[in-house]
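Peer 1: Here's a structure for you.
The values are calculated or read from the model by the stated rules, or taken from the named source; none is laboratory data. None of the values given here were measured: they were computed from a predicted structure. For neighbour counting, all protein chains shown are included, and Cβ atoms are generated from backbone atoms with ideal geometry for every residue, glycine included. Please note that ligands, DNA and RNA were not included when accessible areas were found on the heavy atoms of the full protein model with its side chains. Shrake-Rupley method; radii C 1.70, N 1.55, O 1.52, S 1.80 Å.
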Amino acid sequence: MTNTKNIAISAALALLITLAGCSAFVDRGGPVDERYTPTQTPAATPEDTETPTPVPTEAKSTPVATERPETETESITRGDLSKAQKFEEFDENMQYLYDEDEENRSAEMEAFPANDSYHLTVEMRDTTNFTKTRNDRLNPLWKYYAIVEDYNNNDDHFPKRDHTYIPDTVNITFVTEDGGVFETTYIKYNWAYKYYTDEWSIRVLIAKYGSTTKEGPAYHEKGR
């Protein structure tokens, strides 16, 4: 009987231990589930971080709007000058180059804004001297090119201008000391600009310029 009671008590204790163990496992399961749910809720926080409005993109667009009126006002200011006024400035530059000419070449100048042209009447120093005649022929070309170069360089030597300040065509009449027409020729802006941009070599420029030469009534072979 005692053995049976002991066995019953032992069995009861074993059952209690087993039940206690199961209840402990079940009780631990509750907190695990409760801890798991908070770990899932932070996953919603990235949605909150995506909501701020992109303010910096609006700040970048504002400087562009302020630059446009400035460029428009600059173009309007440059456009205020008439063609005649622009050619007056070109004429002053050409006068300056002839005043500074070490060979003391003389020339009469006249602008024709309506035709986008300019006329030079150049007195040749000695049409019987080949070297002087050759240099006198080329001299207007180099003076014109010097102005084209200055206007395109934008290096603060001249104010920033466009090529509308420069006549498209410069007609040249070479006269002898007694006023006879020796030769006529002309220069085009496009030729000088092609040489400026290295599209043309100096030989091409001179050849093109020379191809426009026409003999006048006072022409003679000695100047060749």
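Peer 1: When only residues in segment 187-207 that are without any contact (Cβ under 8 Å) to a residue 40 or more places away in the chain and part of a helix (DSSP H, G or I) count, which is most open to solvent (accessible area, probe 1.4 Å)?
Peer 2: Result: R203.
Peer 1: Considering only residues that are open to solvent by 40 Å² or more (accessible area, probe 1.4 Å) and in a helix (DSSP H, G or I), which ones fall in segment 114-137?
Peer 2: A114, N115, F130, T131, K132, R134, N135
Peer 1: What pairs come up if the first residue lies in segment 161-180 and is open to solvent by 20 Å² or more (accessible area, probe 1.4 Å), the second is at pLDDT 95 or above and of a type in the set (K, R), and their beta carbons are under 8 Å apart, counting only those six or more places apart or on different chains?
Peer 2: D168/K188; T169/K188
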